Structure formats: structure tokens, C-alpha cells
1. Only Cα pairs under 8 Å and at least 6 apart count here; give the relative contact order of the chain as a rounded whole percent.
2. For the modelled label position 7 Å from the Cα of Ala191 along Cα-to-Cβ, which residues of segment 222-261 have backbone nitrogen atoms closer than 17 Å?
3. Using the Karplus equation 6.51 cos²θ - 1.76 cosθ + 1.60 (θ = phi - 60°), what ³J(HN,Hα) coupling, rounded to whole Hz, does each residue of segment 520-530 give in order, writing x for Gly and Pro?
4. Would you kindly state how much longer the chain becomes between Ile385 and Met288 on full extension, computed as 0.36 nm times their sequence separation minus their alpha carbon distance, in nm to one decimal?
5. Treat every Asp and Glu Cβ in the chain as -1 and every Lys and Arg Cβ as +1, leave all other atoms uncharged, and give the resulting dipole magnitude about the Cα centre to the nearest 20 debye.
6. Lys/Arg Cβ at +1, Asp/Glu Cβ at -1, dipole of the chain taken about the Cα centre: which of Trp346, Gln452, Pro213 is farthest positive-ward?
7. Which net charge results when you count Lys and Arg as +1 and Asp and Glu as -1 among the other residues whose beta-carbon is under 15 Å from that of Gly425?
8. Near the amide H of Met534, under 5 Å away, which other amide H atoms are found, from residues 5 or more places off or on another chain, if H is placed in the peptide plane?
Amino acid sequence: MSVKNNTATGALALAALGVVYGDIGTSPLYAFKEAFAGAHGMAPTEPNVLAALSALFWAMTMIISIKYVWVMLKFDNNGEGGVLALTALANRAAQGAARWKLIIATAGIFAAALFYGDALITPAISVLSAVEGLSVAAPTLEKLILPVTIGVLTGLFFIQRRGTGSVGRLFGPVTLLWFAALGILGTVSIAETPSVLRAINPVYAIDFAIEHPYGMFLLLSAVFLALTGGEALYADMGHFGARPVRLAWYGLVCPALLINYFGQGALVLRSADAIQNPFYLLAPDWFMLPLVALATAATVIASQATISGAYSMTLQAMRMGYLPRLFIQHTSDAQRGQIYIPAVNWMMLVGVIILVLEFGSSGALAAAYGIAVSGTMIITTLLSIFVTLKLQGRARLLLLAALAVFALLELLFFGSNLTKVVSGGWMPLALGLVLFVLLSTWKRGSTLVAEQRRKLDIPMSAFIAGTQPDVPRVAGTAIYLTADPAVVPSALFHNLKHFKVLHEQTLFLHVVTADVPYIEPEQRLKVERLAHGMYNVALHYGFRQEVDIPDALSRIGDYGIELEPMATTFFIARSNVADGPGGMPAWRCALFSWMTRQSEGAASFFNLPPNQVVELGTKVML
């Protein structure tokens with residue numbers, strides 16, 4: 001590899017530190033402490049400390065270092081990762097089997113719904129655990145923890161609309177400094193008590209599991225806190241590529257995290273009282289307040305990555321038909337992936353503040369954390385198993401065996417996390433269930449609307465064949481947006497019914513969202529000449545791309561079609577849903593109708609010029 005390529009890989013690995021590893025990188029603030037100070041905390045004795053470290057070491061090795069950083073990065077959908085990208089990959093592997101497609105879609109929707117629960121808890125627990133260092137540095141400042149936490153989180157959500165481009169370049173260096181601090185603090189502590197390194201031996205965890213099986217089962221829920229953020233490795237691979245993500249993990253992140261966890265364990269072996277906050281007590285007094293500031297900066301970066309992930313997940317869900325159109329603001333002229341979705345932003349802010357006020361401490365929040373992430377991990381593994389079953393070659397059996405082991409471990413983690421349900425774990429499950437109902441209702445309702453339209457609308461072939469030459473033509477171009485090019489758009493039907501004219505040039509335009517994340521610009525536009533000056537126009541986009549109809553149509557001149565902006569009108573049909581003898585219960589129909597009303601208009605969503613749009617309402621009975 002050339003020096004230039006090595007430099008580019010290194011730069012991407014540095015950038016990946018803040019975005020990909022922000023969540024898992026801030027886990028040392030609370031994960032190890034929770035094994036001893038949580039609801040099912042153990043006594044901080046030497047056998048228990050070594051058992052906890054041993055279980056943590058091997059869990060991180062198996063689930064993160066092997067499963068996510070090595071295996072899952074191979075399950076890419078044209079370079080993109082994440083549960084929705086994997087869902088699309090599994091759908092293609094299903095090869096038209098309707099039953100499997102339904103199961104895959106349901107699993108993908110539920111995993112996406114659980115993701116939002118994680119996206120709410122991550123900023124709350126991360127920032128709160130960082131600010132709690134104030135009470136360690138100066139106990140008199142303890143009363144400031146909640147106000148400072150809420151202030152930091154509020155400021156973070158308020159700057160989202162301005163974009164993160166101006167501060168994003170600092171994310172990598174700040175996170176690099178954070179991981180360096182983790183490694184140095186841990187190394188100093190290990191040097192004082194090197195016997196802690198015995199915990200690398202899995203025998204300590206195995207012996208503890210044999211002697212205290214229920215204790216190990218409960219311990220797993222605390223150990224799992226060190227793995228939260230693992231899904232981000234997979235979900236964000238498209239931003240950086242597999243090689244930089246692996247380089248950052250194996251070269252810096254994993255060693256720094258493990259050294260810090262073992263350093264905390266060494267500290268507790270020296271002084272059991274340190275379990276109250278072993279992370280901050282690793283630091284000398286003079287470094288305490290700077291460490292609080294650095295930890296707060298690191299958790300803000302981790303929260304930013306989670307918020308951006310929620311925006312990205314929402315955009316993918318809209319593209320794949322699981323959510324209505326929402327207003328999207330692009331915050332960067334240079335990077336199209338940087339977006340801001342106000343509705344998601346403000347709902348997340350309210351949810352995060354409620355969590356901070358309701359739980360009040362990182363320890364209490366840890367009781368709610370883990371269920372959503374472990375559930376998503378299981379679904380990711382099961383979808384990967386399904387895709388692997390469709391592969392050919394001898395390596396398939398080895399991969400299936402590895403995935404089966406991962407699934408077993410994750411089921412144990414999920415079962416252990418279920419013990420937290422009463423003490424707060426119900427919250428992400430309830431939120432996930434609500435979001436699952438919303439996502440599945442929109443998908444089902446949209447499918448029924450399309451079916452109703454197909455029953456009522458005229459087939460395009462019959463319309464073209466029956467178009468009378470004596471229908472008056474008016475100058476200009478009419479572009480009708482349609483979801484199904486096989487039928488006449490309802491907007492055209494009503495236009496003919498009321499005005500009894502056609503434009504000299506008529507385009508039936510539909511946007512096709514593929515199961516791949518990106519479509520190359522030269523493959524974007526497909527034009528089919530019909531008759532009487534009419535054309536079918538298809539615009540192909542990947543599910544991670546932003547639709548810009550005017551930009552795509554700027555190339556239509558290559559097909560001999562001239563579009564004069566001042567003589568071109570876009571016609572859009574907007575559905576009004578009413579309860580009827582359809583395929584959804586009344587409550588679900590009402591929910592779908594409400595979601596329809598919240599939907600962003602097609603004109604702004606597709607970036608259409610407002611002074612060239614005509615919208616016609618239609619009524620659909622479900």
C-alpha cells in the first residue's frame with residue numbers, strides 16, 4: 001500500500017474514533033462500577049474482581065473484537081452496514097419467498113425501533129456519568145450535577161440545526177486524547193498491582209460461573225455495559241470503510257479500554273472503597289477537574305454520534321417506506337450525509353431530559369441500559385445467519401458455527417438484562433414497542449393505500465391506448481409524481497375530469513428506492529417513451545441517498561426531452577385517509593391517518609420549486 005493510501009487510512013481511522021467509538025469509548029465511566037455498585041452488585045473481593053474482569057475481557061474479545069470488528073464488517077450492503085442495510089441484504093437473499101420477507105422485515109423494524117431506545121439512553125447516561133465526576137473532585141459540587149448535565153445536553157441538541165461541520169474536525173483529536181488518558185491512567189494503576197493481569201485467564205470467570213451460576217448470570221448485565229456501542233461499529237462502516245474501523249479498534253481503542261478496565265480493577269484490589277467511582281479515583285487530585293472536562297467532551301462527542309445515527313436511521317426508514325416523510329435540513333454543502341431532522345431532534349431532547357430527571361444518576365440509568373442494545377445484537381446475528389445460509393462454499397459452515405456461538409452469548413446477555421425490567425429496563429422495551437407499532441402501521445397502511453389505488457385507478461396501458469387525439473392540449477410540460485407507473489396517477493385523472501385538457505408534454509415520474517445504499521448518477525435516470533408526448537421517467541436512488549428531483553431531471557435533455565422551468569408544472573396527489581372496510585383495525589387506521597397528516601409535503605421533501613407545484617387531494621378508504 002502506498003504512503004498516500006496509508007495516510008488516508010490513518011486519517012479515516014482518526015475520524016472514526018469520535019463517530020464510531022464514542023459510545024463504547026465512554027463505557028469505562030460506569031460499566032465496571034456497575035458490577036459491584038448496581039442493583040445486583042457483588043462484594044468487591046479479589047475473586048469477584050478477577051471474575052468480573054475475566055468475563056469482561058472475554059466478552060469484549062468475542063462480541064466486539066471478533067463478531068463486530070471482524071465478522072460483521074464482512075456483511076456489508078455495497079459498503080454500508082447497520083441493521084436496516086442488513087435487512088435489505090437478507091431480503092435479497094430471501095429471493096422472493098414472501099413468508100421469509102415478512103419475518104425479515106418484522107425483525108428489521110423491531111431492531112430499528114429498539115435502536116431509538118438506545119439512542120435516548122446513551123446521551124443521558126454518558127453525559128451524566130461524566131459530570132458526576134464533580135462530586136468526586138469536590139463533594140460540595142454534587143448539587144450541580146443534574147443542572148450541568150441538562151445544560152450540556154440542551155446545548156448539544158440546540159446546536160444540531162447549525163450542523164457539526166465546524167466542530168466535527170475536533171472530534172477525532174479530542175477522542176484520541178480521551179483514549180490516551182484511559183490508557184495512561186490504567187497503566188499507572190496496573191503497574192502498582194500487576195497481579196490484576198491474572199484475570200486474562202478465562203478460568204477465573206469459568207470458576208465463578210460454576211460456583212455461583214446465578215451470580216454470573218446477573219454479572220453479565222453489568223459486563224454487557226462495556227459492549228454497548230458495538231452496533232455503531234457496524235452501522236457506521238459506510239462512513240469510513242472496514243479497514244480504518246479495524247485499524248482504530250485493534251490499534252488504539254481496544255487496548256486503551258481493556259487497560260483502563262484492568263486499572264480500575266487493580267485500584268479496587270488495593271482499596272475496596274474505590275468502587276464508589278473507580279474511574280475518577282484512578283486520577284491524581286490535580287488531574288481530577290481536567291479529567292471531568294475531558295470526559296464531558298468525550299461523552300458529548302459520543303452523544304453527537306448517537307444523535308447523528310438517529311437522523312441517519314430515520315432517513316433510511318423513510319426511504320424504505322417505514323416512516324412518513326419528515327422535514328430534513330441539510331447542514332453541509334460539502335457533505336451530503338450531514339442532515340438535521342427537527343422532529344427527531346426535539347423529541348429526543350425531551351426524552352433525554354425526562355430520563356435524566358427521572359433516574360437522577362448514571363447507576364440508576366444503567367438499570368435501563370442494555371436491553372435494547374442486546375435485543376438489536378441478537379436480531380443482527382440472526383439476520384446474518386439467514387444471509388450466511390444462502391452463501392456457497394466451505395467457509396459457510398465455519399461462519400455459521402461462529403454466528404451460533406455469538407447468538408448463544410447474546411441470548412445470555414439479553415436474559416441477564418431482562419432482570420433489569422422492573423428497575424427501569426421496561427422503558428426502552430416500551431419505547432421500542434411503541435415505535436414498532438408506528439413503523440409497522442405506516443408500512444402496512446402505505447401498502448393498503450397502494451392496493452386501493454390500484455383498484456380504483458386506470459391501467460396506464462389502457463389510458464395510453466385510449467387517449468383521444470381531440471383532447472385539447474395546452475402548452476408546457478406536466479410532471480405527475482406517481483408511486484406506481486402501471487396506473488394513471490390520480491392527480492391526472494382529476495385534472496382530466498375537471499379541466500378536460502392535457503399538456504403537450506406529460507411525464508409520469510416515480511422514485512425507485514433500491515435495496516442498496518447508493519446508486520451511481522449515471523444509473524439514476526431511466527426514460528421510457530410512451531405515446532402522444534407522454535413518457536415514463538424513473539429516478540433510482542439508494543436507501544441512504546437524498547432525492548433531488550430537479551437535479552436528476554437536469555440530465556433529461558440527453559433523452560430528447562426539453563424542460564423549460566417556467567413552463568413546467570409538478571402535479572402531486574395528497575391522500576386523505578378515512579376509516580373503511582379495509583385491512584386495518586379502526587385504531588390503527590386512525591394512527592395511520594394521523595401519521596399521514598404529519599408527513600412532510602412531497603414538494604419540499606423532493607426539493608421541488610414551490611412556484612411550480614400543484615397539489616390535488618384524494619380520499620382513500622382503508
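1. Values: 980 pairs, mean separation 124.6, N = 622.
About 20 percent, as a whole number.
2. Correct set: 256, 259-261.
3. Once θ is set to phi - 60°, the couplings for segment 520-530 become 5, x, 6, 9, 5, 9, 10, 10, 10, 7, 9 Hz.
4. Numbers: separation 97, 0.36 × 97 = 34.92 nm, distance 4.63 nm.
Separation in residues times 0.36 nm, less the Cα-Cα distance, equals 30.3 nm.
5. On the way: 39 positive and 36 negative charges, 248 e Å.
Dipole of the chain, to the nearest 20 debye: 1200 debye.
6. Of the listed residues, the answer is Gln452.
7. -2
8. Thr506
Here, each number is a calculation from the coordinates, and none is a lab measurement. Fair warning: this is a prediction, and the values are worked out from it, not measured in the lab. Cβ sites come from the backbone with ideal geometry, for glycine too, and all protein chains shown count toward neighbours.
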